[in-house]
Protein chains: 4
Amino acid sequence: MSGVLKDVAGLLKFIKGRKSFGRVIHKMQILSVGNGKCSVELKIEDEHVNTMGFLHTGLTSTLMDCISGFALMTKVPNTHVSTDMHISCLKPVLRGDTLLIDGWVQKSAKTLAFLEVEMRDKVSGEAVVRGIHTKYILDDLFLI
Amino acid sequence: MSGVLKDVAGLLKFIKGRKSFGRVIHKMQILSVGNGKCSVELKIEDEHVNTMGFLHTGLTSTLMDCISGFALMTKVPNTHVSTDMHISCLKPVLRGDTLLIDGWVQKSAKTLAFLEVEMRDKVSGEAVVRGIHTKYILDDLFLI
Amino acid sequence: MSGVLKDVAGLLKFIKGRKSFGRVIHKMQILSVGNGKCSVELKIEDEHVNTMGFLHTGLTSTLMDCISGFALMTKVPNTHVSTDMHISCLKPVLRGDTLLIDGWVQKSAKTLAFLEVEMRDKVSGEAVVRGIHTKYILDDLFLI
Amino acid sequence: MSGVLKDVAGLLKFIKGRKSFGRVIHKMQILSVGNGKCSVELKIEDEHVNTMGFLHTGLTSTLMDCISGFALMTKVPNTHVSTDMHISCLKPVLRGDTLLIDGWVQKSAKTLAFLEVEMRDKVSGEAVVRGIHTKYILDDLFLI
């Protein structure tokens, strides 16, 4: 099945100038998107951290939700909503670190899709966040 | 054990003017905070939703992380980082809805704390989001 | 909506003599079942623990799956399968401890149900396990 | 760091004749174990399913707990207990199916270890279960 999102140009157009909550990850650099996968890079700055200078778990979750959702949009033409999302934070990420983030569709069926995300430190290559995300696929087509 | 956060005035001071990621929930209204609990109210506006007009799962997670963290700050003087966070989204929340959000400490021991969050629709009283959040307690004292 | 399971007698009949995997919790004592809730009691014996004498996380999960499933069977006449299940283990449970286990339906809609489980130590009353369980509701009717 | 479990012979000795709860997976065939990984195969029989003939989520969880735990025992000499365990069930597994199950240590630090499990159908190769498991590492040495 083919989704509404085809390539990096399409994703750039989709996120451009948006005022919705997804704006908080606007500094990410899109590396690739297509075939049920999406990869981005993000340098952690002041606007991404908590008061201790660690990547905010809320932003970690936002990245996880968005990147896995973009991956699903390349496979499924319909809209979708989260039912369950789980993240494990293997290691604190600090201001100044750069993250490589891969999201992919593990399985998508008629009404449910199972997605995953892995975040690694760009320098060390170490996994720092792992996540599993289950979405419910609605009847409506995604308009982008 | 007593934490660094005592009351609504203390929490208002802690979050005031911050530029860190927690700024994204600055419109919340703090209802109460103390004794391992924190309750807030938030009206869902344009800045909180995704392109379909639903509360963004990234913001849901941010609320969950922050409100449960504030609850922990009333009990534990040390800093803490997330190890695992799980959310279940029982029902989509729409732009214009108002959420009542309760976070509480289910258990805190020397190195781990187990926190929970429940979000309800203010009008219907129905649960719309449930979450479980496990944090690791560091040696450093929280400076607020 | 009414489910296939009405009361303790019905649940006893459902689980009696079964050879399927659910047999591993056959020593539980059913305290109540109905209206989207199920409560049982279980004394932890040799057959329930791991090599260190702690309640085996596999059995914890089995209890969570079964008790929440029984709760759902009181509300929904259809069969159902797990999509996501999350447990947090707040405190190790030891051989000889007695658990009080409550499962309930937080929300059930047409195709998805959101269930929860809390396990407490019978003596201290302390919460020792918390769980969230999401099930997909199939078209087939449950035959019991 | 080296753990207490070295190879298939060691794991066979560890699980042999045990009366603890782990006995419920005694029919598994150990394919390999070492270097933070463990792989097993299991044919799903009557004793593994629920009343509908599907692999019981309780046994799915038990497999996940055990296989990831064996993987950790190859890296860490200490005992460990679960703090959080999450499973996503991508597709029902039926009586008669054969599962290939891989568990691995994603990261182990001084007090926490992050483990993962993937279960695939042996014939189709499709992923059917994914899991994330966080364990707390205790001070005591594992005696096997």
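Which condition does residue D:62 not pass, out of (1) open to solvent by 10 Å² or more (accessible area, probe 1.4 Å); (2) part of a helix (DSSP H, G or I), if it passes all the others?
(1)
For residues that are under 30 Å from residue C:113 (Cα atoms) and either of a type outside the set (A, V, I, L, M) or more than 10 Å from every other protein chain (Cβ to nearest Cβ) (or both), tally how many sit in segment A:104-128. Write out each step before concluding.
We begin by selecting, within segment A:104-128, every residue under 30 Å from residue C:113 (Cα atoms); these are A:104-118.
With the extra rule that they be either of a type outside the set (A, V, I, L, M) or more than 10 Å from every other protein chain (Cβ to nearest Cβ) (or both), the set shrinks to A:104-108, A:110-111, A:114, A:116-118.
Total meeting the criteria: 11.
Assess whether residue A:137 counts as being more than 25 Å from residue B:134 (Cβ to Cβ), open to solvent by 40 Å² or more (accessible area, probe 1.4 Å) and either in a strand (DSSP E or B) or not aromatic (Phe, Trp, Tyr) (or both).
On the way: more than 25 Å from residue B:134 (Cβ to Cβ): yes; open to solvent by 40 Å² or more (accessible area, probe 1.4 Å): no; either in a strand (DSSP E or B) or not aromatic (Phe, Trp, Tyr) (or both): yes.
When the stated conditions are applied, residue A:137 does not pass them.
Given the conditions (1) buried (at least 21 other Cβ atoms within 10 Å of the Cβ); (2) over 13 Å from the mean Cα position of the chain (by Cα); (3) modelled with pLDDT of 95 or more; (4) farther than 16 Å from residue D:132 by Cα, report the number of the one that residue D:33 does not fulfil.
(2)
Residues being surrounded by fewer than 18 Cβ atoms within 10 Å (Cβ to Cβ) and polar (S, T, N, Q): count how many of those fall in segment C:108-120.
1
Here are the criteria: (1) hydroxyl-bearing (Ser, Thr, Tyr); (2) modelled with pLDDT under 95; (3) under 20 Å from residue A:11 (Cβ atoms). Tell me which single one residue A:62 does not satisfy.
Residue A:62 satisfies all of (1) hydroxyl-bearing (Ser, Thr, Tyr); (2) modelled with pLDDT under 95; (3) under 20 Å from residue A:11 (Cβ atoms) except (2).
Scan segment D:65-72 and tell me whether some residue there is under 23 Å from residue D:8 (Cα atoms), open to solvent by less than 10 Å² (accessible area, probe 1.4 Å), among the hydrophobic types (A, V, I, L, M, F, W, C) and free of Cβ contacts under 8 Å to residues at least 40 places away in the same chain.
no
Scan segment D:26-57 residue by residue and report those that are within 8 Å of chain C (Cβ to nearest Cβ) and within 27 Å of residue D:107 (Cβ to Cβ).
Within segment D:26-57, D:57 is the sole residue that qualifies.
Working only within segment B:42-55, note down all residues that are open to solvent by 10 Å² or more (accessible area, probe 1.4 Å), touching a strand residue (DSSP E or B) at 6+ places or on another chain (Cβ under 8 Å) and part of a loop (DSSP other than H, G, I, E, B). Even if it seems obvious, please write down each step before you answer.
Within segment B:42-55, the subset open to solvent by 10 Å² or more (accessible area, probe 1.4 Å) is B:43, B:45-47, B:50-52, B:54-55.
After this cut, where a residue has to be touching a strand residue (DSSP E or B) at 6+ places or on another chain (Cβ under 8 Å) as well, the list is B:43, B:52, B:54-55.
Passing the criteria: only B:52.
Answer with yes or no whether residue A:3 is away from every other protein chain (no Cβ under 12 Å) and part of a loop (DSSP other than H, G, I, E, B). Quick ask: steps written out before the conclusion?
Working: away from every other protein chain (no Cβ under 12 Å): yes; part of a loop (DSSP other than H, G, I, E, B): yes.
So residue A:3 fits the description; yes.
Which residues, taken from segment A:83-107, are open to solvent by 10 Å² or more (accessible area, probe 1.4 Å), touching a residue at least 40 places away in the same chain (Cβ under 8 Å) and not in a loop (DSSP other than H, G, I, E, B)?
Residues satisfying the conditions are A:89, A:94, A:98, A:100, A:102, A:104, A:105.
Give just the number: which of (1) in contact with a helix residue (DSSP H, G or I) (Cβ under 8 Å, 6 or more places away or on another chain); (2) of a type outside the set (S, T, N, Q); (3) over 16 Å from residue D:25 (Cβ atoms); (4) outside any loop (DSSP other than H, G, I, E, B) does residue D:130 not satisfy?
So residue D:130 meets the others, but not (1).
Could you grab me the full set of residues in segment D:121-134 that are crowded, with 18+ Cβ neighbours inside 10 Å and among the charged types (D, E, K, R)?
D:130
Applying the selection to segment D:84-134, what residues are of a type in the set (Gly, Ala, Ser) and closer than 19 Å to residue A:129 by Cα?
Filtering segment D:84-134 down to residues of a type in the set (Gly, Ala, Ser) leaves D:88, D:96, D:103, D:108-109, D:113, D:124-125, D:127, D:131.
Those that are of a type in the set (Gly, Ala, Ser) and closer than 19 Å to residue A:129 by Cα: D:88, D:103, D:108, D:109, D:113, D:131.
Within segment B:65-103, which residues are more than 8 Å from chain A (Cβ to nearest Cβ) and of a type in the set (A, V, I, L, M)? Quick ask: steps written out before the conclusion?
Applying the first criterion (more than 8 Å from chain A (Cβ to nearest Cβ)) to segment B:65-103 yields B:67-78, B:80, B:90-91, B:93-103.
The answer is B:67, B:71, B:72, B:73, B:76, B:90, B:93, B:94, B:99, B:100, B:101.
The values are calculated or read from the model by the stated rules, or taken from the named source; none is laboratory data. Here the structure is a predicted model, which means the values were calculated and not measured. Glycine also receives a Cβ, built like all others from the backbone with ideal geometry; neighbour counts cover every protein chain displayed. All accessible areas refer to the heavy atoms of the entire protein, side chains included, with ligands and DNA or RNA removed. Shrake-Rupley method; radii C 1.70, N 1.55, O 1.52, S 1.80 Å.
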